[in-house]
1. Within region B:309-336, can you find the residues that are in a loop (DSSP other than H, G, I, E, B) and within 17 Å of the chain's Cα centre (by Cα)?
2. Can you name every one of the strands (runs of 3 or more DSSP E) wholly within region A:234-342 that holds 1 or more residues which are among the basic types (Lys, Arg), in contact with a Leu (Cβ under 6 Å, 6 or more places away or on another chain) and surrounded by 21 or more Cβ atoms within 10 Å (Cβ to Cβ)?
3. Only one of these conditions is not met by B:Pro119: (1) at pLDDT 95 or above; (2) closer than 24 Å to B:Val370 by Cα. Which number is it?
4. Out of (1) of a type in the set (Ser, Thr, Tyr); (2) touching a Lys or Arg at 6+ places or on another chain (Cβ under 8 Å); (3) in a helix (DSSP H, G or I), what's the single condition that is false for A:Ser61?
5. If A:Met168 meets every condition in (1) within 7 Å of chain B (Cβ to nearest Cβ); (2) out of contact with any strand residue (DSSP E or B) (no Cβ under 8 Å at 6 or more places or on another chain); (3) among the aliphatic types (A, V, I, L, M) apart from one, which number is that one?
6. Give region A:197-218 a look and list any residue that's farther than 27 Å from B:Glu129 by Cβ and either of a type in the set (S, T, N, Q) or not in a strand (DSSP E or B) (or both), or say none.
7. Which one of these does A:Lys93 not meet: (1) part of a helix (DSSP H, G or I); (2) at pLDDT 95 or above; (3) more than 8 Å from every other protein chain (Cβ to nearest Cβ)?
8. For region B:197-215, how many residues are touching a strand residue (DSSP E or B) at 6+ places or on another chain (Cβ under 6 Å) and surrounded by fewer than 24 Cβ atoms within 10 Å (Cβ to Cβ)?
Amino acid sequence: MKHDVVITGIGLASSLGEGIEAHADALATARTPVVDATSFAPYPVHPLKVLELDRQIPKKSDQRQMEPWQRLGVYAAGLALDGAGLKDDAEAKAALQVIVAAGGGERDHAVDGAILTGLRGADEPGAFLNERLMGDLRPTLFLAQLSNLLAGNIGIVHGITGASRTFMGEEQAGVDAVRTAHARIAAGQAEVMLVGGSYNAERQDMLLLFELGGYLRQGDFAPVFERESAPGLITGSASAFLVLESAERAAARGATVLARLDAVVATRSKRQPGAVEAALRGLLADLGPVAPGALAVSAATGVAGVTAEEAAALATLPQVRRVAAGDLLGHAVEAAFPVSVALAAAALSKGQAREAIVTGAGHWRGEGAARLVAP
Amino acid sequence: MSETTPSNPTPAAGHRDSRGRPIVAVTGLGIVTSLGQGKDANWEALTAGRSGIHAIERFPTQGLRTTIGGTVDFLFDGPFSAPQLSEKLAMLAAEEAVGQSGIGRAGDFPGELFMAVPPVEMEWPQKQELAATLEGDVDYRGLLSAAASQRFKAMHEMFLFGTVADHVADAFGTKGSPISLSTACSSGATAIQMGVEAIRRGDTPAALCIGTDGSIHAEALIRFSLLSALSTQNDPPEAAAKPFSKNRDGFVMGEGAGALVLEDYDHALARGATILGIVAGCGERGDGFHRTRSSPDGKPAILAMQDALADAGLSPDDVDYINAHGTSTPENDKMEAMSCAAVFGERMARLPMSSNKSMIGHTLTAAGAVEAVISFLTIAHGRIPPTINYVTPDPAIALDVVPNVARDARVRTVLSNSFGFGGQNTSLVLTAEPSRS
């Protein structure tokens, strides 16, 4: 038996601020993005608009035991639970299944630098490294770094005792998180799920990973689909969480449906010229016909080749209004696809369109697409 | 189970479990641990009560409180990173499992991939390589400029979270978008659970489920050490992991991989495959209590076990053996014993429950998969691997831990537990092939 899957809660936080209104407005008006081109120059980033953490993470002790990417994610998850009216529903929170798309924790940049400097002249590098790590790593650092501890913190802070799973693997983790959550509800394996991701762009260690592969744009901001002269990612701090629910469950409790999530599909192309376009065209075909005036939110990265191929795939749907999530709030890696789905759902909930599709092709691997319709 | 005999399956409806869902068969098993490569080597050592834990030689251990581990040292001649070893372990376990299963063709596995992989990040040797190109004090600005030279491009792929699964998907030709997941120390069990769910949904006729972990390096060990999670009883190394003993003082890190080919039972029957067992039920619960500690009342673990039994349509009385999480930390073993007592009642005093970790250490991300493989070997051989180093029983925990010596027993149904940091609790119910039950 197949169940319709509806979105009853949206939690969004980014450089644009927080909440459905701020993000739906940005979608409608194509507002100028918030860009910090100096702090990490030559790499621009979209910095998180400062959150009033106490509103979602009341205990300072909880805040202290998290890193920025975790606080951001816990905050956005709280917004989604509030929106869905589940924050104080203990029964729902015991049934709630959580899937988080996450990377890893932040390095202590100063410690790393000092150790690397010291290692150069060390007589016994191994012993030196051991001594410094034993002395300089914060014992709790590990917990702030473990990928699954965003989910763990969501459980602790918001009192969720349903099970959680954490998907890793860059952009595709976000696609597969939403896809799996949808599939489980559609198949009756779960009734209500919290799914999303969180990314802190304001960290040099992540910039380093992408720059090793030559995937970062340098210089100023340019729109995602107009970066041919200097292609690459402009990362943005952002988090999105969605409460997904079977239509029956949402109706039974009288919940407001913000959008219906019809389908989520994913694939993994062998990257060679043309492969991403072909993969995305195939996924779009799986989604079925798209109505004129539909919104297309793209999670495109801005990386050379891949982004042009995503544009080419979307060009086969001339009837849609294309918006790049990256133009509004930057590229949020694991969170990029959940953010894009959340933006689409926000737009539908505000009557900006009747139907929306979402696409995304990871900077290195993975392609995904989704289809949403207005309630 | 369906009453239809395997030789005469009903083509239209097929076999269904007690809840009307497709039955999930196991047709291939693969394993690598510090005890060796492959089922034969591991089974021989596990039933002989031999430990794979030894003094660490991979990196200098001067100044460390813990200097032992169940490292897998027989796969590379030169240096390697954690993702490289994790990938190698996964490939070897998967080759064995897929080979045994006989499913598909070489490089064309007709199903999806679910992989538990350790979180990765750039490691010290690679950072030192970048730093060596810089003048003066090292900082991330300098490392970024070294990276921008594009002379270290291969490091990007090496340290992406999705790379290990991507390479495994390439090698075996699995279908769809491969999943890389973490639920901390229950990850391997979650990979199996996701395969079960996908087959029950009818999304895929088969699933390659792998848990792998080759991440014992200095910083990983130090991080656990700083949390006081590791045993510091380094001498002799093979006696350090002593689950359920009074003097247990922490876990010992281990490495390894376990791989399982899961398959829709009817799909397996139709191609004449040998059915090694059934993944009959899965249960999982979150614990909102604390980041590293379990709820003192054991409630999430209890519920995970009860959910798994209910999912399998079985009762506690049907369980013949518990493959314990049994880490050898003071807290886990106490909580697990208490939770099992709550689920199994008085029967717990005589229900065998042993910990593979007493011999292979805690293989972390891989543990749930490694121990599921061992559980199916236990069913197949009718022999229970012991909990070794059980010299000083903890009087507060009255258990039959199958002390020190393997035991012959008819085992048809195993409950395998995995509990992890971040409130992750997963239990699997693993059973013999239906015609043998």
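1. Of everything in region B:309-336, those that are in a loop (DSSP other than H, G, I, E, B) and within 17 Å of the chain's Cα centre (by Cα) turn out to be B:Ala324, B:His325, B:Gly326, B:Thr327, B:Ser328.
2. none
3. Unmet for B:Pro119, out of (1) at pLDDT 95 or above; (2) closer than 24 Å to B:Val370 by Cα: (1).
4. Exception for A:Ser61: condition (2).
5. (2)
6. Scanning region A:197-218 gives a single hit, A:Ser198.
7. Of the numbered conditions (1) part of a helix (DSSP H, G or I); (2) at pLDDT 95 or above; (3) more than 8 Å from every other protein chain (Cβ to nearest Cβ), the odd one out for A:Lys93 is (2).
8. Residues of region B:197-215 that are touching a strand residue (DSSP E or B) at 6+ places or on another chain (Cβ under 6 Å), as a first pass: B:198-200, B:204-212.
Those left that are additionally surrounded by fewer than 24 Cβ atoms within 10 Å (Cβ to Cβ): B:200, B:204-205.
Summing the residues that are touching a strand residue (DSSP E or B) at 6+ places or on another chain (Cβ under 6 Å) and surrounded by fewer than 24 Cβ atoms within 10 Å (Cβ to Cβ) in region B:197-215 gives 3.
The values are calculated or read from the model by the stated rules, or taken from the named source; none is laboratory data. Quantities reported herein were computed from a predicted structural model and do not represent experimental measurements. Ideal geometry is used to build each Cβ from the backbone, glycine not excepted, and the neighbour counts take in all protein chains shown.
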